[in-house]
Amino acid sequence: MKLLLNVLKRIHKPAVYSSQPRCRSSSARSGLLPLRNEALIVGSNPELVQRLGTQVEVRTGFITEEEEGAFMQELELGLKKKRYEVDHWDDAIHGYRETERVMWGERCEEVLSRVRSVFPEGSPLLGPVHILDLDKTGYIKPHIDSVKFCGSTIAGLSLLSDSIMRLVKEDDAKEWLDLLLPRFSLYILRDQARYNFTHQILKDEESVFNGQRVPRLRRISAICRNLPG
């Protein structure tokens, strides 16, 4: 993927969490370059990156292109019946379609079982999987998911496009992390990263990781959350 080749040729080097990513598949299966020695998370200072190192993960090649196709086959017909919205009920999303889904075919259910395995053992999950379809011009504004409806962990699959997720400390904007979310990857936010940091998906024109442009196309995320405990 040419854009990831460009990402790896970094112009500058802010603090990075270099133990990422966790490669689960070969580049032949996922379509990604092997990134074992490249960080997918950069931050405002090394102390912050180290402190949140166990609470923020990006796992590349979590699904294959064929598995992505299985999700799209199940989702596309329903999504096409909806129009892209510009106003969200809590003003958090622009240019989006969304739905929830409980029942899945066998191929997708196998993938979702892998996603559920990243949650704390014994932690009950919200039943429906949240599907969020962002148009190329869409974006997610900085927000923190309500503690009334979501527990300590969020995990989301990235379909169709690479993107940049930005986390900013709620009470100190100088503390931030940027996450490169390649297509086919899984991101995980836990504990402090979930409760004390806003998260957002950058607009296409703002989509820059570690000094390098990461074009953002239409993006679909399949998000699982656990229940408040």
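The values are calculated or read from the model by the stated rules, or taken from the named source; none is laboratory data. Everything numeric here is computed off the predicted structure, so don't read it as measured data. When we count neighbours, we look across all protein chains shown, and the Cβ atoms used for this are built from the backbone with ideal geometry, even at glycine. The area values use the complete protein model at the heavy-atom level, side chains included, leaving out ligands, DNA and RNA. Shrake-Rupley method; radii C 1.70, N 1.55, O 1.52, S 1.80 Å.
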### Query
Accessible surface of S117 in the full protein assembly, 1.4 angstrom probe, to the nearest 10 Å²?
90
### Message
Give me, ordered by chain and number, the residues 5 or more places off L125 or on other chains with an amide H under 5 Å from its own placed amide H.
### Response
L227
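Provide T54, T60 ordered by accessible surface of protein heavy atoms (probe 1.4 Å), highest first. Kindly include the intermediate steps, with their values, before the conclusion.
On the way: T54 105, T60 10 Å².
Greatest to least solvent exposure: T54, T60.
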## Note on the structure
Once amide hydrogens are built 1.01 Å from N within the peptide plane, the residues lying 5 or more places from S163 or on another chain with amide H under 5 Å from its amide H are L181, R183
#### Entry: Summed side-chain charge close to D162 - residues other than D162 whose Cβ falls under 10 Å, Lys, Arg +1, Asp, Glu -1
+3
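Which entries of K81/K174; K80/K141; K80/K174; K81/K169; K81/K141; K148/K169 show an alpha-carbon separation above 31 angstrom in the structure shown?
Numbers: K81/K174 41 Å; K80/K141 24 Å; K80/K174 40 Å; K81/K169 37 Å; K81/K141 25 Å; K148/K169 20 Å.
Beyond 31 Å: K81/K174; K80/K174; K81/K169.
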### Task
May I ask you to list the GluC sites (Glu not before Pro) in region 160-216 that are in a DSSP loop and have at most 15 other Cβ atoms within 10 Å of their Cβ?
E170
### Task
Pick out, from N196, Q212, N226, the residue whose Cα sits farthest towards the positive end of the charge dipole of region 189-229, with +1 on the Cβ of Lys and Arg and -1 on the Cβ of Asp and Glu.
N226
